[in-house]
Amino acid sequence: MTIRVMGATGSGKTTFINLVSGSSLRVGTGLRSCTADIQVSHTFELEGRSVMLIDTPGFDDTSKSDTDILRTISSFLVAAYEKNTKLAGVIYIHRISDNRMGGISTRNFRMFRKLCGDDTLKNVILMTNMWGEVSEEVGATREAQLSQDDMFFKPALQNGAKLLRHYNTPESAKNILKCIISNHPEALRIQRELVEEKKAISETGAGEILNEELRNLAEKHKEDMKTLEEDMREVIKERDLKAEEELTEAKSKLQAEMKMIEESSQKLASNYTAERAKFERQFQEQMEAANHKALEYQRKIESLESSLEARSVSASEMEALRREIEELRNRGPTCVVQ
C-alpha cells in the first residue's frame with residue numbers, strides 16, 4: 001500500500017514518515033528544504049498490510065523552482081502509474097502553529113488539489129500537526145477556520161477529504177494511516193491527464209495554474225520595469241549618480257528575474273521526458289532488487305523454520321527462532337529515489 005505525503009517546506013512531512021515507518025530519511029533543520037527529491041520510506045506492516053510512504057517536496061522548495069517540483073512529481077507519479085502502482089491515499093500536512101494560511105500556503109494547497117483531482121479527494125487526509133506549539137483553544141479556532149473557509153480546506157472536505165490531528169506520537173500517526181489502508185487505490189488527476197489523456201504537462205490542471213502564476217508575475221515585472229525606467233530618466237536629468245547606480249542595480253536584478261520566469265515556462269515540458277525515463281529505470285531496478293531481497297528473506301525464513309521443527313531445539317532456542325522469523329517477515333528495504 002503506497003501513500004504520498006505532501007505539504008509546505010517545514011511542515012513536518014519527513015519527520016512524520018520517519019516516526020511511523022522507522023526510516024531515516026533526511027530531515028531539514030533550518031529554513032532550507034531537505035526534500036528537494038522524492039524519498040521513499042521503509043516498507044512496514046500496519047494491520048496486516050505492507051505500507052510504503054513517499055516523501056514529496058512542496059511547491060515552496062528553497063532549492064528548486066515550482067516548475068522543477070511539478071516536473072519531478074509528475075515524472076515520478078507517471079512512472080509509478082505505468083508500473084501499475086496506484087496510491088491508496090495522500091496525506092497533506094499543515095502546521096496548526098501557523099497563525100494564518102498565507103499566499104504561499106494557499107498556492108501550495110491549490111497545486112495539491114489540482115494534482116489529486118476532486119474525484120480522489122475521498123482518499124485524502126488533511127493532517128494538522130505541531131499541536132504542542134499552541135493551546136487547545138487557539139488550535140481549535142484555527143482548525144475551524146481551515147475547515148469552514150472556501151479559500152482553504154472547505155472545498156476538499158466537501159469532496160470527501162478528512163481533517164485529522166497528529167499529536168507527534170507513533171500511535172497518532174498509525175491511527176491516521178488506519179483511515180487510509182481500507183481505501184481503494186485510485187489514479188490521481190495528473191496521472192490520468194498525462195497517461196490516459198496524453199496531455200502535455202503544461203496542459204494539466206496543475207500546469208495551467210503554474211503557467212497562470214508565471215504570466216501574472218511576468219506582467220507585474222513588466223510594470224515594475226516600466227516604473228524603473230521612468231525613475232531612471234528622472235535621476236539622469238537630475239544627475240543623481242547615487243540614485244542612478246541603485247536603479248541600475250535594481251533594473252539588472254529585475255531583468256534576471258524576468259529571464260528566469262521566461263525560462264521556467266519553457267522548461268516545464270523540456271526535461272519531463274528525460275526525468276520520467278530516469279524514474280522508470282529506477283522503478284525497474286528497485287523492483288528487481290526487491291524481488292532478489294524477497295527471495296533471500298524467503299530462503300532464510302525457510303531455513304529458520306526447518307531449525308524450528310528440529311526436535312533437538314530447546315524451548316529458549318525455539319522462542320529466539322520465532323522472534324527472528326517474525327522480525328524477518330516485518331522488515332523491509334529502504335528505497336531513496338533521487
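The values are calculated or read from the model by the stated rules, or taken from the named source; none is laboratory data. None of these values were measured; they are calculated from a predicted model. Note: ideal-geometry Cβ built from the backbone for every residue, glycine included; neighbour counts use all protein chains shown.
Regarding segment 228-250, can at least one residue be identified that is of a type in the set (Ser, Thr, Tyr), in contact with a helix residue (DSSP H, G or I) (Cβ under 8 Å, 6 or more places away or on another chain), surrounded by fewer than 16 Cβ atoms within 10 Å (Cβ to Cβ) and farther than 30 Å from residue 135 by Cα?
Taking segment 228-250 first, the residues of a type in the set (Ser, Thr, Tyr) are 248.
If we keep only those that are in contact with a helix residue (DSSP H, G or I) (Cβ under 8 Å, 6 or more places away or on another chain) too, we end up with 248.
Checking which are surrounded by fewer than 16 Cβ atoms within 10 Å (Cβ to Cβ) leaves us with 248.
Still in the list and also farther than 30 Å from residue 135 by Cα: 248.
Checked against the condition, which is being of a type in the set (Ser, Thr, Tyr), in contact with a helix residue (DSSP H, G or I) (Cβ under 8 Å, 6 or more places away or on another chain), surrounded by fewer than 16 Cβ atoms within 10 Å (Cβ to Cβ) and farther than 30 Å from residue 135 by Cα, segment 228-250 yields at least one hit.
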**Asked** What about residue 124, is it buried (at least 21 other Cβ atoms within 10 Å of the Cβ), under 28 Å from residue 282 (Cβ atoms), in contact (Cβ under 8 Å) with a residue 60 or more places away in the chain and touching a Cys at 6+ places or on another chain (Cβ under 8 Å)?
**Response** no
**Prompt:** Limited to segment 57-103, what total is found for residues that are under 22 Å from residue 153 (Cβ atoms), out of contact with any Leu (no Cβ under 9 Å at 6 or more places or on another chain) and modelled with pLDDT of 85 or more?
**Reply:** 6
**Request:** Sort out which residues of segment 118-175 are assigned to a loop (DSSP other than H, G, I, E, B) and either under 22 Å from residue 19 (Cβ atoms) or under 19 Å from the mean Cα position of the chain (by Cα) (or both), and write them in order of number.
**Result:** 130, 134, 152, 153, 161, 166, 167, 168, 169
**Message:** Can you find a residue that is surrounded by fewer than 16 Cβ atoms within 10 Å (Cβ to Cβ), under 16 Å from residue 119 (Cα atoms), modelled with pLDDT of 90 or more and not hydrophobic (A, V, I, L, M, F, W, C) anywhere in segment 181-196?
**Reply:** yes
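Please go through segment 74-97 and give me each residue that is of a type outside the set (Phe, Trp, Tyr) and under 19 Å from residue 161 (Cβ atoms), ordered by number.
In the first step, residues of segment 74-97 are kept if they are of a type outside the set (Phe, Trp, Tyr); the result is 74-75, 77-80, 82-91, 93-97.
Across segment 74-97, the qualifying residues are 77, 86, 87, 88, 89, 90, 91, 93, 94, 95, 96.
So, residue 267, is that one outside any loop (DSSP other than H, G, I, E, B) and at pLDDT 80 or above or not?
Against the criterion (outside any loop (DSSP other than H, G, I, E, B) and at pLDDT 80 or above), residue 267 does not qualify.
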**Request:** All but one of (1) outside any helix (DSSP H, G or I); (2) buried (at least 23 other Cβ atoms within 10 Å of the Cβ) hold for residue 77, so report the exception by its number.
**Result:** (1)
**Asked** Restricting to segment 150-162, what's the tally of residues that are surrounded by 13 or more Cβ atoms within 10 Å (Cβ to Cβ) and out of contact with any Asp or Glu (no Cβ under 7 Å at 6 or more places or on another chain)?
**Response** 9
**Among residues of segment 180-210, those that are in a helix (DSSP H, G or I) and not acidic (Asp, Glu), counted** = 13
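For residue 261, indicate whether it is under 24 Å from residue 52 (Cβ atoms) and modelled with pLDDT under 75. Steps first, please.
Values: under 24 Å from residue 52 (Cβ atoms): no; modelled with pLDDT under 75: yes.
No, not satisfied.
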**Residue selected from segment 15-49 under the condition at pLDDT 90 or above and out of contact with any Lys or Arg (no Cβ under 7 Å at 6 or more places or on another chain), by the criterion surrounded by the most Cβ atoms within 10 Å (Cβ to Cβ)** = 17
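So is residue 115 closer than 16 Å to residue 58 by Cα and part of a strand (DSSP E or B) or not? Even if it seems obvious, please write down each step before you answer.
Details: closer than 16 Å to residue 58 by Cα: yes; part of a strand (DSSP E or B): no.
So residue 115 does not fit the description; no.
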**Request:** Inspect all residues belonging to segment 201-217 and state whether any of them is at pLDDT below 90, within 27 Å of residue 276 (Cβ to Cβ), surrounded by fewer than 14 Cβ atoms within 10 Å (Cβ to Cβ) and aliphatic (A, V, I, L, M).
**Result:** no
**Message:** Looking for something out of contact with any Ser or Thr (no Cβ under 8 Å at 6 or more places or on another chain) and of a type in the set (Asp, Glu) - is there at least one such residue anywhere in segment 144-151?
**Reply:** yes
**Request:** Could you grab the pairs with beta carbons closer than 6 Å, sequence gap of 6+ or different chains, first residue in segment 43-57 and outside the structural domain of residue 185 (by TED's automatic domain parsing) and farther than 10 Å from residue 1 by Cβ, second one of a type outside the set (A, V, I, L, M) and crowded, with 23+ Cβ neighbours inside 10 Å?
**Result:** none
